[in-house]
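Undergrad: Take this structure first; my questions come after.
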Amino acid sequence: MDSKTQPAQKTARTRIDLSSDHVCFSRCRQRGIVFSEADEQHEAFIFALKKAAERNAVTRVFGWDDDLQYRLHQAEWQACKPNLMLFEGKAIGSVLLESIAVVSEDGKTGERFLHFSRFFLMPEWQGSGIGSAVLAGITTLADRFKLDCHLQYLQGNPVEALYHRFGFRILAQDSQFVTMTRPPVGASESFAALKI
């Protein structure tokens, strides 16, 4: 079947609310980390967080343009708000986990996977084990529901070693981005149990 006869496909994205009490994130709770939905009052913090956590990597690959980065942030913010990571009520980071479904023109759902993004910690919290606790929760959730998990980061970002430790492998890369994926392992549950 050539591309002219294949049905058109679109992507359906659904944000997974991590603020509900997912058993998969017990390591986060043990470290005092809870998740909360971001709302309009958090927009400035999320941009400041992105700058603090990602500015060096962006500068190396693209050069930092504050106006452009703010416009990109605004587009992401309007498309889907991340979850905040809180420690003792104080926002220290963000994470966005989405369920992605490829849907054909006739409405049939094909491939489904998780997409992990906007994972930022304020610099003073980096290297404290929080990133590992969050990734343990994400990968446990993916395993539980038998879903691949995808992510992307900028070339030169030191997070690659952390992602490798959690079973992510490089799927594709170019001079700017690295895309990684991780297949699920272990038992499965009904996807509907995710309550998204």
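The values are calculated or read from the model by the stated rules, or taken from the named source; none is laboratory data. Please read all numbers here as calculations on a predicted model, not as lab measurements. All Cβ positions, glycine included, derive from the backbone under ideal geometry; neighbour counts span all protein chains shown. Just the protein is used for accessible areas: all its heavy atoms, side chains included, with ligands, DNA and RNA removed. Shrake-Rupley method; radii C 1.70, N 1.55, O 1.52, S 1.80 Å.
Undergrad: Residues in the stretch 70-81: is at least one surrounded by 13 or more Cβ atoms within 10 Å (Cβ to Cβ) and charged (D, E, K, R)?
TA: Among the residues of the stretch 70-81, at least one is surrounded by 13 or more Cβ atoms within 10 Å (Cβ to Cβ) and charged (D, E, K, R), which makes the answer yes.
Undergrad: Residues that are within 24 Å of ALA38 (Cα to Cα), of a type outside the set (A, V, I, L, M, F, W, C) and at pLDDT 95 or above: does the stretch 142-149 have at least one?
TA: No, the stretch 142-149 has no match at all.
Undergrad: When both residues are 6+ apart or on different chains and their Cβ atoms are under 9 Å apart, which pairs have a first residue that lies in the stretch 160-173 and is at positive phi, and a second that is in a loop (DSSP other than H, G, I, E, B) and surrounded by fewer than 16 Cβ atoms within 10 Å (Cβ to Cβ)?
TA: From the stretch 160-173, the pairs are GLY167/PRO183; GLY167/VAL185.
Undergrad: Can I ask one more? Could you list, ordered by first residue, the pairs with Cβ atoms under 8 Å in which the first is in the stretch 42-63 and at pLDDT 90 or above and of a type outside the set (Val, Ile, Thr) and the second is assigned to a helix (DSSP H, G or I) and open to solvent by 30 Å² or more (accessible area, probe 1.4 Å), at least 6 apart or interchain?
TA: Pairs found: PHE47/TYR70; ALA52/PRO123; ALA53/PRO123.
Undergrad: OK, next. Output the qualifying pairs, or none if there are none: Cβ atoms under 7 angstrom, residues six or more apart or on different chains, first residue in the stretch 14-38 and under 14 Å from GLY129 (Cα atoms) and basic (Lys, Arg), second residue in a helix (DSSP H, G or I) and open to solvent by less than 60 Å² (accessible area, probe 1.4 Å).
TA: ARG27/ALA133; ARG27/ALA136; ARG27/GLY137; ARG31/ILE130; ARG31/ALA133
Undergrad: Identify, from the list GLU105, GLU88, the residue that is on the phi > 0 side of the Ramachandran plot, among the acidic types (Asp, Glu) and open to solvent by 10 Å² or more (accessible area, probe 1.4 Å).
TA: GLU88
Undergrad: State the number of residues belonging to the stretch 32-67 that are more than 15 Å from PRO123 (Cβ to Cβ) and either of a type in the set (D, E, K, R) or in a strand (DSSP E or B) (or both).
TA: Number of matching residues: 12.
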